[in-house]
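Here the structure comes first, spelled out in structure tokens, and everything after it is commentary.
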Amino acid sequence: MSRYCRLWLSSCWLSVVCHVVCFCLQKQHTHVSCPSLKDFPRNSADIHNRIMHELDHNNYKSLQTAKVGSSWRRSPFYVYSISLPSFLFSDVDIRSGRNLRSLDVLLMGGLHAREWITISSILCILLHYIKIYHNQSQSHNEIQMGNESTIGAPMVTMHFWPIVNPDGYDYSHVSRHWRKTHPQSNTSKNGVDLNRNFGIPNVSWGFGSESKYFSELYQGEKPFSEAESMAVKSFIQRLPSNSLVLDVHCCARVVFPAIDTKLMKSSDESIRLAQYIAENMNRVTPTNVMKKYKYRERDNNFSSSNTGIAVDWINEQPNIDHSFMLEVRGKRNPLNFRDLFLNPPSDIEPVATEVEAGLQASIQFMLQNGSHELAKHAGKNQMKKNDSIINNAIIIKNVLSFHKNDTIHQNMDKMLRSPQQKIDLTLHKLEERKQLAVTHILITFCGWVGLLLFWNIAGGA
């Protein structure tokens, strides 16, 4: 084989390697971006301040901020809500005549103080959404996605509760592995595991020991003995019918459905949804992360470690369709179990991307399954109302040209009519493509230089 023939074959092989490397780099690209979140927030107040700063910076007017209570140390509990038309999340063809539906979803985290990654990942998603959807009320056609009356379409309202346990989070900056609520120095209380403080006595609560005050799993003196769990209870009960709740934890890389205390197991539909969520989270997990997300059934025998779980009580509420625990990944290559919770700040955006994929998947599942049920039971008046909704929605959806399995943040630039917004999003995409192209060129250049040196040395020998 001639020297030139070998060079040609080597260049073909190098080109294939370059494309594979660039594909892997593209696969690992983070979809959820929050450049302002370079490190974990210093305390619970810092979380709220970052959100307010992002709102002011982007002039975002559609975010609803609600104070839903406060802790015994008077730390406020904030929930932030964004509403978008439901057809943006579903690949159901709205011209098929199926009824659209509204949906409320609560994404909460930080029940356990040391799980900083859960708090920051939800915060990152919220900051990302604020950046993507800013100034939407000033769009050319006045499509105000935070106002259902503008187009008449049902809405998906996403409620973000980044930190349920603000006092515990503040204390975890003093004692990094602290898990429970803040210890009350003026009482005998040494903190309560919030995710063991929900439930019904002798049904889903009361299987732990009340005397183990210093246990990490201490469930408290009674259900909802803490201000934090009471605030969650109150907020959950105010949600409309057919709502969904996702409770983010760390660090098992699994999706746990709630246990139906009547069946003493998870329902078939919740298992299917849990599997669907895990599959979609894996689609955005970096290729260099070997262990993937999966559905896992929980132990249906209540015990000291399986008592008063939040999602079990939430699932029992008549206005809640489903509730899940999303256990995200912890630190890579931990030295021990405690080290698993010490994610570096570089994990914030990748984990946020995975959580956001689970959020999108659960919304799509609920909308598509719910549309069948609503279509079966819709009356004539409802159908007439939906005719006008569909007419308006078709016009907007034709403009959007949404594709199956696309996430809304990848397509929202098609809805935004502001020239400046289009310019910002276009520049952002061009910057991403430029980075990938530069990487491709550098790899190819280095490969060619290496090959030429190799063949010159081989030829000289």
**Request:** Report residue 251's accessible area, 1.4 Å probe, all protein chains in place, as a number in Å² to the nearest 10.
**Result:** 20
**Item:** Residue order for 53, 31, 112, 182 - accessible surface, 1.4 angstrom probe, largest first
**Value:** 53, 31, 182, 112
**Complete:** Across all Cα atoms of region 286-361, Rg and the largest Cα-Cα distance (Dmax), in Å, are 15.3, 44
**Prompt:** What is the spin-label model distance, in nm, from residue 36 to residue 53 if the labels are put 7 Å beyond Cα along the C-beta direction?
**Reply:** 0.7
**Asked** When all protein chains stay in place, what accessible area (Å², nearest 10, 1.4 Å probe) is found for residue 72?
**Response** 110
**Message:** If I take R0 = 35 Å and measure r between the Cβ atoms of residue 214 and residue 272 in this structure, what FRET efficiency does the formula 1/(1 + (r/R0)^6) give, to the nearest 0.05?
**Reply:** 0.30
**Asked** For labels at residue 263 and residue 241 in the simple 7 Å Cα→Cβ model, what's the distance in nm?
**Response** 2.1
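Taking the convex hull of the Cα atoms, report for region 194-258 its projected area averaged over all directions, in nm².
5.5
Report, in listed order, any pair from 131/262; 67/189; 61/294; 222/262; 61/265; 67/131 with a Cα-Cα distance greater than 32 Å.
Numbers: 131/262 43 Å; 67/189 26 Å; 61/294 37 Å; 222/262 22 Å; 61/265 43 Å; 67/131 22 Å.
Cα-Cα > 32 Å for 131/262; 61/294; 61/265; rest within.
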**Message:** Rounded to the nearest 10 Å², what accessible area does residue 325 have for a 1.4 Å probe in the complete protein model?
**Reply:** 10
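Under the 0.36 nm per residue contour assumption, what length would be gained going from the current alpha-carbon distance of residue 283 and residue 296 to full extension?
Numbers: separation 13, 0.36 × 13 = 4.68 nm, distance 1.80 nm.
2.9 nm is the gain from fully extending residue 283 to residue 296.
With a 1.4 Å probe and all protein chains left in place, how much of the accessible area of region 152-267 comes from carbon and sulfur atoms, in whole percent? Don't jump to the answer; show the numbers that get you there.
Numbers: 2240 of 4270 Å².
In region 152-267, the share of accessible area belonging to carbon and sulfur is 52 percent.
Find out how many positive minus negative residues lie around residue 327, taking Lys and Arg as positive, Asp and Glu as negative, among other residues whose Cβ is under 9 Å from that of residue 327. Numbers along the way, then the final one.
Working: positive: 253, 296, 329; negative: none.
So the surrounding residues net to +3.
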**Asked** Given just the C-alpha atoms of region 225-309, how large is their convex hull per residue in cubic angstrom?
**Response** 140
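The values are calculated or read from the model by the stated rules, or taken from the named source; none is laboratory data. Note that the coordinates shown come from a computational prediction; the quantities given were computed from them, not determined experimentally. Methodologically, a virtual Cβ is constructed for each residue, glycine included, from the backbone with ideal geometry; neighbour enumeration extends over all protein chains shown. Each accessible area value is taken on the protein alone, full model and side chains, heavy atoms only, with ligands, DNA and RNA left out. Shrake-Rupley method; radii C 1.70, N 1.55, O 1.52, S 1.80 Å.
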